[in-house]
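These notes are about the structure you will find just below.
The values are calculated or read from the model by the stated rules, or taken from the named source; none is laboratory data. Computed from a predicted structure; not experimentally measured. So basically every Cβ, Gly included, is an ideal-geometry build from the backbone, and we count neighbours across all protein chains shown.
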């Protein structure tokens, strides 16, 4: 196949579509939401996948759908129950918006069938609305996420920006099977057209790519480092937890261990962990603490609360340590 340098060239888009779709149908990953036709379940998967790795989402998606298989059941659930089911995925505003969207869907008595209507739901942006509309309802609308942007930059050989990405995605879109095409384009960016070292030797559209891996690397923002200390207070199988304020700018209403504030320079931490949130890497130190303000919760029931991801990680480590100590 002759190598074409621009997506505006005659014959480029049809060739790109045909090649990409052939590759996607043969090599797509088996994921729990692939092949799904229920728009609610597609919406859940798309919101979970925002800024979260597929490997993390797979198991959480299955459990969430098992607990809330329909928009009606999700809409009827308490906010804390939804947050508890979401715990560990981070970016909890997504869970709150999904919960609110489910209530709007139930109130309207029908699921929005167009990208425009989906965009009216709480927290649903252009990408998510277009993804659900194209996959669930076959609406011929493009999608642009981080993976798609990387593919478009490389195949065009240009550093696109803003609306240019949407225009390029629109030009390439297969209007006959927009859902498959959009998923194929995202899949290409996720497993082949990788950020650091693209796998050009296995890329199905390498002959249609203006860059073939050569692309200006944007300098990565330096990650911040921070140390946080928590107090682990236990009593007769219970653990002390505190709830973040509802007006907190970060994870409002979530439950966590109380902070360690005692001036004990000689104290040794019970456990050390690493934890990352967005652009910050945390060194986490957990010390034995005395009773402070909070709520005593049976350790075995703590997972039912809307815990922060870090707290869930600490308590999992604690339970594992207890089990190992008994064996």
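Each row is one residue, and each column tells you yes or no for (1) in contact (Cβ under 8 Å) with a residue 24 or more places away in the chain; (2) buried (at least 19 other Cβ atoms within 10 Å of the Cβ); (3) outside any strand (DSSP E or B).
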| site | (1), (2), (3) |
| --- | --- |
| 282 | yes, no, no |
| 286 | yes, yes, no |
| 292 | yes, no, yes |
| 296 | yes, no, no |
| 300 | yes, no, yes |
| 303 | yes, no, yes |
| 311 | yes, yes, yes |
Evaluate region 115-137: report whether one residue or more is over 18 Å from the mean Cα position of the chain (by Cα), within 15 Å of residue 37 (Cα to Cα) and not in a helix (DSSP H, G or I).
no
Every listed condition ((1) at pLDDT 85 or above; (2) touching a helix residue (DSSP H, G or I) at 6+ places or on another chain (Cβ under 9 Å)) holds for residue 213 save (1)
Among 160, 173, which is the only one that is at negative phi, modelled with pLDDT of 95 or more and in the same structural domain as residue 33 (by TED's automatic domain parsing)?
173
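Of 155, 148, which residue is assigned to a helix (DSSP H, G or I), buried (at least 23 other Cβ atoms within 10 Å of the Cβ), modelled with pLDDT under 95 and assigned by TED's automatic domain parsing to the domain that holds residue 186?
The match here is 155.
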